[in-house]
Amino acid sequence: MEHRKLGSTELKVSKIGFGAATLGNAYGATDPAQDARAVDVALEQGVNFFDVSPYYGLTLAETRLGAALEGKRDRAVLATKCGRYGMAEFDFSARRVKAGFEESLRRLRTDHVDLLLAHDCEFVPMQQVVEETLPALRELQQQGKARYVGITGYSPGNLRRIAAAFPVDAVLNYCRYSLLNMDLNKALAPFAQEQGIGLINASALHMGLLTPQGGPEWHPAPAEVREAARTMVRMCEERGVDVAQLALRFAVANPYVASTLVGMATEADVLANVRALETPLDEDLVRELQAAVGAALNRSWPSGLPENQS
């Protein structure tokens, strides 16, 4: 497993990261024993980057990941988040992110995380993130409870504006670099590279759309994006190609990105994702798939406050 330096930090993260939203039953109920086995196998395979949030499963994912990593914490680069605590529950105040983070540490069974991220920043005014949330995260960093801090969100433009106003160590952008959307490279990626900011790509499978079973019911993508995903899945099936492996292989080829997060809940998930890295990227097929979906390529959807969606 290749490990890459995360921006200007001292962290070296695996090329693919363990997206732990699955441990919170975000994509269907999982077995805690299988979850723990998946974590063990991931570590054995060289996957060292684990990303979670109190929002995933309303604290369930953190609880399960903390149990699975007990006794192995020193082998993991661990990231969690703050600010989002439910589907429509956001509190980016300094008081809440500090108190919530202490709760996260207890669930994760650790005294520190390697990366603490403000979660889905587009849902609150940028001014609050810059003037209140991120200074609070830096305080936690100074206390030794978080080695590095950063931001996450759906809108690459909003993330860039925040990072330009308040220096951060890492930025996580989701659903913006996959077979269906490559917006991450338009503005955010070059800026992050220029500033020495570590860049993390999440949802290489477009939050489950690029799988034979399709995305979950709560998926926010418009109908044309869902149909485009089904077209890609169908074309891959006709060619005997595993669409999820192709999608992951495509995403990890992005030269700007330190780690690409993908959901894992079983040993089979982990091994399939590792195998995807060993498969040569069929660039001709990628071009064919993207041409087939036409205007749906790079189509996004509204997320957060209107002023933060660009």
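The values are calculated or read from the model by the stated rules, or taken from the named source; none is laboratory data. On a predicted model such as this, the values are computed, not experimentally measured, just so you know. Cβ sites come from the backbone with ideal geometry, for glycine too, and all protein chains shown count toward neighbours. Heavy atoms of the whole protein, side chains included, go into the accessibility calculation; ligands, DNA and RNA do not. Shrake-Rupley method; radii C 1.70, N 1.55, O 1.52, S 1.80 Å.
Across the protein chains, with a 1.4 Å probe defining accessible surface, the residues Asp183, Asp31, Asp111 rank Asp111, Asp31, Asp183 from largest area downward.
Against the main long axis of the alpha-carbon atoms of the chain, helix 283-292 sits at an angle near 90°. Over all other residues within a Cβ to Cβ distance under 12 Å of Ala272, the charged ones net out to -2, with Lys and Arg as +1 and Asp and Glu as -1. In the context of the full set of protein chains, region 28-79 has a per residue accessible area of 38 Å² (1.4 Å probe).
Heavy-atom accessible surface of Arg138, to the nearest 10 Å², is about 50 Å², with a 1.4 Å probe and all protein chains retained. Of the residues Ala247, Gly215, Gly153, the one whose Cα sits farthest toward the positive end of the charge dipole of the chain, with +1 on the Cβ of Lys and Arg and -1 on the Cβ of Asp and Glu, is Gly153. Taking Lys and Arg as +1 and Asp and Glu as -1, the other residues whose beta-carbon sits under 11 Å from that of Lys81 total -2. The residue among Ala165, Tyr85, Leu285 whose Cα reaches farthest toward the positive pole of the charge dipole of the chain, with charges on the beta-carbon of Lys, Arg, Asp and Glu, is Ala165. Packing, taken as the mean count of other beta carbons within 10 Å per residue, orders the peptides 295-302, 264-271 from highest to lowest as 264-271, 295-302. Dipole magnitude of region 1-142 about its Cα centre, charges +1 at Lys/Arg Cβ and -1 at Asp/Glu Cβ only, in debye to the nearest 20? Rounded to the nearest 20 debye, it is 220 debye. Here the dipole of the chain is about 460 debye; that uses its Cα centre as origin and unit charges on the Cβ of Lys and Arg (positive) and Asp and Glu (negative).
When only the Cβ of Lys, Arg, Asp and Glu is charged (+1, +1, -1, -1), the dipole of region 209-259 relative to its Cα centre reaches about 120 debye. Projecting the Cα positions of Thr110, Gly46, Tyr177 onto the charge dipole of the chain (unit charges on Cβ atoms of Lys, Arg, Asp and Glu, taken about the Cα centre) puts Thr110 furthest along the positive direction.
Using a probe radius of 1.4 angstrom, the carbon and sulfur fraction of the accessible surface of the chain is 49%. The angle separating the long axis of helix 94-108 from the principal Cα axis of greatest extent in the chain is about 70 degrees. Taking all protein chains into account, the per residue accessible area for region 102-166 stands at 37 Å² (1.4 Å probe). Note on Lys145: aspartates and glutamates with a C-alpha under 14 Å away, same-chain residues under 8 apart excluded, are Glu102, Glu103, Asp111, Asp114.
As I understand it, the value is the acute angle between the Cα axis of helix 243-252 and the longest principal axis of the Cα atoms of the chain; what does it come to in degrees, rounded to 10? Rounded to the nearest ten degrees, it is 50. Once the 1.4 Å probe is applied to the protein heavy atoms, region 218-275 comes out at 40 Å² accessible per residue. Residue ranges 230-243, 5-18, 280-293 sort as 5-18, 230-243, 280-293 when ordered by packing (mean number of other C-beta atoms within 10 Å per residue, highest first).
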